[in-house]
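What follows draws every value from the coordinates through simple rules; no lab data is involved. These figures come from a predicted structure and were not determined experimentally. With ideal geometry, Cβ positions are generated from the backbone for all residues, glycine too; neighbour counts draw on all protein chains shown.
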Amino acid sequence: MAGVGFIGLGAMGLGMATNLLTHPQYTVTGFDVFTPKMDQFCERGGATAASPREVGCRSNFLICMAANSKQVHDILFNNQTGALPVLPRNAIVLVCSTVNPTFHDELAGQIADSGRSDVHVLDCPVSGGTKRAAEGTLTIFASGDAATLAGADGLLKSMSEVLNIVPGGAGAASKIKTVNQLLVGIHIAAAAEVMAVAARAGLNTRQVYDLIVKSSGNSWAFENRVPHMLQGDWTPHSAVDIFVKDMGIVIDSARELQFPLPMSSSVEQLYTFASGQGYGKEDDAGVVRIFLPSMTDAVARLANATEQETASFAKLLASMLAGIHAAAAAEAFLFAQRLGLDLHAVLTFLKSAAAWSWQFERIGAQLLDGGAAITGHLFPADLLADVEVGLKEARRLCCYVPILSSAHVIIMCACVRPGAPLSGSHSA
C-alpha cells in the first residue's frame, strides 16, 4: 500500500481525504492546524499526526490542500515542522490548492535547493465543491512532467470524475484554474444580481429560475447556486471567503501581467464587501443579500409567490445574463491568451467544468473560428440593445447592477468599434 499524507482538512480537504479512506490501496494520514478537523477525520476512520513533518515521513504522496501558497510553502519548508526533509525518496507532492500560477515558477527549484531534487511536484488544483470532494468526483486540472503525472495517475483518478492533463509543466494547471475561477466567480455574482432584480420586480423567483435554465442565459453556476437562494440556505458548500481569495488571485495575476479585467475587478470587490458584511463563512450564493440590503430574504420568500405571468420579464433577465456571460467569456479568453494558454485547451477543459455557460461555448467557438480578437461579430446584433433595456429596467426598480454595467461597457466597446479588437493585452 502507498502512504498518502493529506494536509488541509477544511471543507474540501476533509471530504477528499475521507474519500481516499475507501480505497484500500492507500493508507491515509491527515493533519490540520484546526484540531476539531482532525477529530472529524479520526471519527471517519482516518489516522492523524501532530505536524506536517510527522505526516511526511510516511507519505509516498503528500497532498497539500491548504488555503493559500504561503501555507503550502510552510507545510514543506518550515524549519521545525516542514515535511520536505523527511519525505521518502522519490515522493510526489500534489499541490491541490488554488494558488497564483507564479508560485510554481520557483517551487521545484526551492525543493532542489533544499537537497531534495528527488522529490517531484504536481500542480493539480481541484474544482467541484464539498459534495463532489466527498464522492471522489471532482474535476482536477493537473500539470507537471510526464513521469510524475504517470506516477500519480491512480491517486488523481481516485479523487476525480474528470482529470484534465494540462500541457505546459507545473503552473499550467493553475493558470487554467485561475481562468475557471474568474468565470465561476462572475457567474455566481451575476446569478445573484439578476435574481435580486427578479425579486425587486416582485416575480415568482422559482418560475424565473425554471425559465432561465432553459435559455441562452444559463450557466453551471446559475443552475447550481440559485437553488440555495430560493431556499435561503447559506450552509457553506463553498464559502464567500473562497472567492475573496480566488478572485484576489485572478486580479493579482492580471496585475502582474498589466492586463485589465474590468468585470473581474468589480466582482472581486463585491465578494470583499460581502465578506465585510459578515457573510464570509457562509455559502457564496448568499452574496445575493448585498443586492437586497433591506429585503435580504426576498428571493426565498418570493419562490412561493402567487402564480403570475413572468415569462416576458424572465426573458429580459435571461438576456441580461446572456450579456454578462458573453462579456465574461470574452474577458476570460483574452486573459487566458495573455497567460500563454492554448485557447482550444481552455474551451475543451472549461466547457465541462464549473466555468460553463451557454455563452462561453458560443464565444469560444467563434473566437477559435475567427481569431483571438474581441470584436462586434462575437455579439449578436440585439445583445447590446437587450443589455441596455436591462439597465433601464434596473434603474426603474432602483436595483444595483454593477456586473451588468461592466458587461455593457465591454459589449459596447466591441460593437461600436467593429473594426478594432478589444484586446487590451498590453495596457494597464
**Message:** Order 249-257, 279-287 from most to least packed using the mean count of other Cβ atoms within 10 Å.
**Reply:** 279-287, 249-257
**Request:** For the chain, find the longest principal axis of its Cα atoms and tell me its angle to the long axis of helix 383-396, 0 to 90°, nearest 10.
**Result:** 80
**Request:** Enumerate the amide H contacts of Val121 below 5 Å, restricted to partners 5 or more residues apart or on another chain; note that Pro and chain-start residues carry no placed amide H.
**Result:** Val93
**Cα-Cα pairs of the chain separated by more than 42 Å (percent)** = 16
**Asked** Can you list residues whose amide H is under 5 Å from Phe6's amide H, if they're 5+ apart or on another chain and H is modeled 1.01 Å from N?
**Response** Thr29, Gly30, Phe31, Ile63
**Asked** Roughly what angle does helix 220-231 make with the longest principal axis of the chain, taking Cα atoms, 0 to 90 degrees, to the nearest 10?
**Response** 80
**Prompt:** Taking springs between alpha-carbon atoms closer than 10 angstrom, which of Ala407, Ala152, Ala190 fluctuates most in the Gaussian network model of the chain?
**Reply:** Ala152
**In nm, spacing of pseudo-spin labels at Asp297 and Lys214 (7 Å Cα→C-beta vector)** = 3.1
**Message:** For Thr102, project a label point 7 Å along Cα to C-beta. Then give me every residue of segment 44-87 with its amide nitrogen under 15 Å of that point.
**Reply:** 69-70
**Asked** Residue by residue through segment 193-203, which ³J(HN,Hα) values in whole Hz follow from phi under the Karplus form 6.51 cos²θ - 1.76 cosθ + 1.60 (θ = phi - 60°), with glycine and proline marked x?
**Response** 4, 6, 5, 5, 4, 4, 5, 4, 7, x, 7
**Prompt:** For the Cα atoms of the chain, what angle does the longest principal axis make with the long axis of helix 240-256, in degrees from 0 to 90, nearest 10?
**Reply:** 90
**Förster radius 35 Å - calculated FRET efficiency between Arg255 and Arg396 (Cβ-Cβ, nearest 0.05)** = 0.45
**Request:** Sequence neighbours fewer than 8 away in the same chain don't count; with that in mind, list the aspartates and glutamates whose C-alpha is under 12 Å from Lys281.
**Result:** Asp241
**Complete:** From fewest to most C-beta neighbours within 10 Å, the residues Cys64, Cys399 line up as Cys399, Cys64
**Amide H within-cut-off set for Ser238, under 5 Å, with H built and near neighbours excluded** = Asp284
**Prompt:** Alpha carbon centre of segment 216-257 versus segment 338-413: separation in Å?
**Reply:** 17
**Message:** If I build a Gaussian network model for the chain, linking alpha-carbon pairs within less than 10 angstrom, which residue out of Asp123, Asp113, Asp153 has the largest mean-square fluctuation?
**Reply:** Asp113
**Request:** Specify, per residue and in Å³, the volume enclosed by the convex hull of the alpha carbon atoms belonging to segment 175-416.
**Result:** 107
